[in-house]
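Derivation of every value follows stated rules applied to the coordinates shown; laboratory data play no part. Computed from a prediction, not measured in an experiment: that's the story for all the values here. Don't worry about glycine lacking a Cβ; one is built from the backbone with ideal geometry, like all the others, and counts go over all protein chains shown.
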Amino acid sequence: MNVLLVPLGSHGDVHPFVGLGLALKARGHTVRVIVNPFFGPLVEQAGLELIPLGKTSDYTDLAGNPELWNKLNGTKAVLRGIAHFIRPIYSAVVANHVPGQTVVVASTLALGARTAQDRHQIPTATVHLQPSVFRSYIDPPTLAGMWLGKDVPRWIMALQWTIADRLVVDRILGPELNGLRKELGLGPVKHILRDYIHSPQRTIGMFPDWYAAPQADWPAHVSLSGFPLYDERGVSALPADLRQFLDAGEKPIAFTFGSAMWHAHELLEQSAQACTLLNRRGVLLTRHREQVPARLPPGVVHADFAPFGELLPRCAALVHHGGIGTASQGLAAGIPQLILPHAHDQLDNATRLQRLGVSRMIAPERYSAEAAANELGALLTSEDTARHCKSVAGRFAGDDVMKRNCDLIEAMA
C-alpha cells in the first residue's frame, strides 16, 4: 500500500502515527507522513518520508499561545488552528494519492483528509487517540465547563452539546470546511465534532476497552486497538547523564506538563520544591530549557526528553497534565500518577485514571510545592494505589497493539 499518515497536534499526537508508520513500513508498505515540518526531524530520523504541512511557525505560533491551556478558550484556539489546515491537508492528500493503492490514516481533526475521502473515494481511517471525542449519553466523557454524567438528564446534555456545536464548533470550522466542500461540489456538513470526525469506512480508537468501553451510542463501526505507547525509542536515546542519575540513587519522581506547554516555569519551580519537601529525587522533563528554574535543589535534574518506556519504570511516580500518551505510559510502567488537567481531553483522562485507582487529581491553579508534596505523599504510601498500578500494568503484557492497527488498516485496501 501507499499509506499517507496525517497526524495533527503536538508530539503526543504525532508519536502514535510514527510508531504506526514504522510498523506498516516493516510490513512492506510505503509510508509517508503529512505533518508540520516542526516534526520533520522526528519523522525522518525514524526513517519515514515527510510531506511538510505548512510552515514551522504555524505550529509554534499555536503552541506558544497561552490560551491553548485555558479550560474554556483552549478549545476555540485549537479549532482556529484546525480550520487553518483544512485546505492544506486536502491538497496534500490529493497530490500524493495513487489511485487504487493509497490508504489514508488521519487523526481526529484532520478534516481535510475526510473531505478528500468524500471527493475522491480514497480509503480513509480516522484514528482517535482519546475516548473523550466520542459523545455518549450512556457513559459521557468528563469535559471542562459542561455538566455531563450518567445522572444528568439526557435533554440537558443534548442542549449543552447543541449550544457548543452551533455557537463554537460549527461557527469556527464550518465556513472553511463547507467553503472547500462547496468548491468541490460537495454538500455542507453540520455536527462536525459529533458525526463528521468519524470516517464511515474505519474508525479506530487507540485505547483499550478496559480504559473506555464502547457504548451503544458510539458509531457502530468503531474498533479499539489499545494504547500505542510509541516513545521515540530507537530515535531518541535515554541521555547518558540521566541514566547515570537514575543509577545513582532511589527512584525519582518524574514531572512533565506536555510538549505543547510553553508556559510551565512556575509549575516546574513548584515541582522542584515539592521534591525537597518530600526528600525525594526528581526529574523535570521539558524541551523548553527556558522554563527550567535557574537553580535546582540537590537531587533534582532536568532532561529535554527521555523515552518513557525506559524512564518511567525507573521512577516512583509521575506528575503530568493528563495527556493520553503520558497517562498510558504511566499505566504501562505501573506507577502512581498525579494529574493537573488544564483543558481538552485532560480532565476526562484524569477522571478515568482515578476510576482505575492509580492516580490523584489537583487543579492547576491549586498546584504548589506543599499541595504536590501532600498529594504525592498520599500516593506513594498507599498500598491500594500500588496494588491497582501493578494490576493495570499487567494488562499490557503480550499485547501487540501495532499489529492490530496494521491489520485494521490493511483490511481497507
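Descriptive notes on the structure:
- Protection-proxy order for peptides 47-53, 214-220, each taking the mean of Cβ atoms within 10 Å per residue, highest first: 47-53, 214-220
- Cleavage-rule hits (trypsin sites (Lys or Arg not before Pro)) in segment 107-210: DSSP loop, at most 11 neighbouring Cβ within 10 angstrom: 150
- For segment 229-349, the relative contact order works out to 28 percent when only alpha carbon pairs closer than 8 Å and six or more residues apart are counted.
- Over the chain, relative contact order from alpha-carbon pairs under 8 Å, at least 6 apart, %: 16
- 0 to 90° range, to nearest 10: angle between helix 346-355 axis and the chain longest Cα axis: 60
- For segment 37-169, the relative contact order is 16 percent, taking Cα pairs closer than 8 Å that sit 6 or more residues apart in sequence and dividing their mean separation by the residue count.
- Three-way shape label, segment 240-381, alpha-carbon gyration tensor, a/c 1.5: rounded
- Difference of contour (0.36 nm per residue) and Cα-Cα distance, residue 233 to residue 363: 43.6 nm
- Those trypsin sites (Lys or Arg not before Pro) in segment 248-298 that DSSP places in a loop and that have at most 15 other beta carbons within 10 Å: 287, 295
- Gain upon complete extension [residue 95, residue 390; 0.36 nm per residue less C-alpha separation]: 101.4 nm
- Using a simple spin-label model with pseudo-atoms 7 Å out from Cα toward Cβ, residue 403 and residue 241 lie 4.1 nm apart.
- In degrees, nearest ten, helix 11-26 long axis to first principal axis of the chain (Cα): 70
- Value of [θ]222 nm, deg cm²/dmol, for the chain, DSSP H segments ≥ 4, -39500 (n - 2.57) each, nearest 500: -12500 deg cm²/dmol
- Its Cα centre serving as origin, segment 324-374 has a Cβ charge dipole (Lys and Arg +1, Asp and Glu -1) of approximately 160 debye.
- Lys/Arg +1, Asp/Glu -1 at C-beta; the chain dipole; positive extreme among 227, 313, 108: 108
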